[in-house]
1. Given the conditions (1) surrounded by 18 or more Cβ atoms within 10 Å (Cβ to Cβ); (2) at pLDDT 90 or above, which single one is not true for V136?
2. Is it the case that some residue within the range 276-289 is outside any loop (DSSP other than H, G, I, E, B), aromatic (F, W, Y), touching a residue at least 60 places away in the same chain (Cβ under 8 Å) and under 24 Å from L103 (Cβ atoms)?
3. Within the range 112-133, take every residue that is surrounded by fewer than 20 Cβ atoms within 10 Å (Cβ to Cβ) and closer than 18 Å to L90 by Cα and give me the one that is nearest to the chain's Cα centre (by Cα).
4. Kindly establish whether N317 is touching a residue at least 40 places away in the same chain (Cβ under 8 Å), within 13 Å of I68 (Cα to Cα) and not β-branched (V, I, T).
5. If a residue has to be closer than 25 Å to T322 by Cα and loosely packed, with under 14 Cβ neighbours inside 10 Å to count, how many in the range 21-53 make the cut?
6. Just wondering, is there one or more residues in the range 43-60 that are in contact with an Asp or Glu (Cβ under 6 Å, 6 or more places away or on another chain) and at pLDDT below 85?
7. Among the residues of the range 85-117, how many are without any contact (Cβ under 8 Å) to a residue 24 or more places away in the chain and either part of a helix (DSSP H, G or I) or of a type in the set (A, V, I, L, M) (or both)?
8. For D56, indicate whether it is surrounded by 18 or more Cβ atoms within 10 Å (Cβ to Cβ) and either within 23 Å of H295 (Cα to Cα) or of a type in the set (V, I, T) (or both).
Amino acid sequence: MKVSIKSVLKFIIFVGIGLIIFYVLFKNFEGSYLEECAKKGIPESECSLIDKIWQDFKSVKVIWLLVIIVLYMLSNVFRALRWNQMLEPLGYKPKVFNSIGALMIGYFTNMAFPRIGELIKTGTLSKYEDIPFEKVAGTVVVDRILDVIALLFVIGLSLLLSFGTFRDYFRENFVAPSNEKLYLLGGIALVGLIGIFILNLILQKKNFDNPVLKKFQTLWTGFKDGFGSLRKVKSLPLLVLYTVGIWLMYYLMTYLCFFSFEPVAHLGPVAGLIVFVFGTLGMVFPSPGGMGSYHLLISQGLIIYGINGADAFSFSNIVFFTINIFGNIIFGLFFFIALPFFNRK
């Protein structure tokens, strides 16, 4: 019962934060939209941001949204293949269908309980492929590390292609951290690394009699095996290719979506890259599907390129609901129902 209450509280907190960000953002853009209407001589009674968003949704070119869903699922196929590649050195060859299904069920869970989806997808693949949970968990951590490296590369590329744009934006919106803060963060990171090193030495050399400590030692060993699978993959170039495929699909999902919505259809590939980076950073925030934070940063990325706030907000909603409703929810439910039948033997 305690776990259930804790999960409900997490859900309320994360959804609440996401809704607050979304509401504040909506009210901010609503105010600027009303000012725009007043300049054009349109009465306030005929100027509703909600009505505009609804009309914008009705005006989108659906074919491009279908392309985005295809690209999204293709990115998940690449991710599943990369996941299987990391599990193979541990002696396991999961079915691709099960790996994709575990991913989609995890994404579906994240819609309600942010970050819990990582545990759910780990448990799902562990269950249907009979792989120890801790070994799967180790590869999931490696998967996240690869994503961080890829994100840093994409940010570096966007800085290279549009340094002036980024510099002006961060000068206007952020204050550079002081040296004291940087030293503090570096110290925390160093202490954490030393702690992990010491913990590894203790768990590696000592045999525990206590069942709880013994279980923890087993989990740590399995986690290390899963984490170490990256060094043993049969083809590192193929792993890199899968990673490039995942992130290329993510980028195209943002850029090609420009063509579905007239106010942003003129933006080019570099603008697509910048907006994609902003949106990805918005997804890092642990709200359901990045609700609120994703809308905020996508809108900011578009405003940099001269798109007015109301149109930017509409576009963020178009992408958000397309991926989450037609991607995560529908396919998540499909695999939730399909996996038991696929693995019934």
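The values are calculated or read from the model by the stated rules, or taken from the named source; none is laboratory data. In this text the structure is predicted, and so the values were computed from the model without any measurement. In this analysis, Cβ positions are derived from the backbone assuming ideal geometry, glycine residues included, and neighbour counts consider all displayed protein chains.
1. Evaluating V136 over (1) surrounded by 18 or more Cβ atoms within 10 Å (Cβ to Cβ); (2) at pLDDT 90 or above leaves (2) as the failure.
2. yes
3. So the residue we want is G123.
4. So N317 does not fit the description; no.
5. 5
6. Yes, the conditions are met somewhere in the range 43-60.
7. Qualifying residue count, the range 85-117: 3.
8. Taking the combined requirement at face value, the residue satisfies it.
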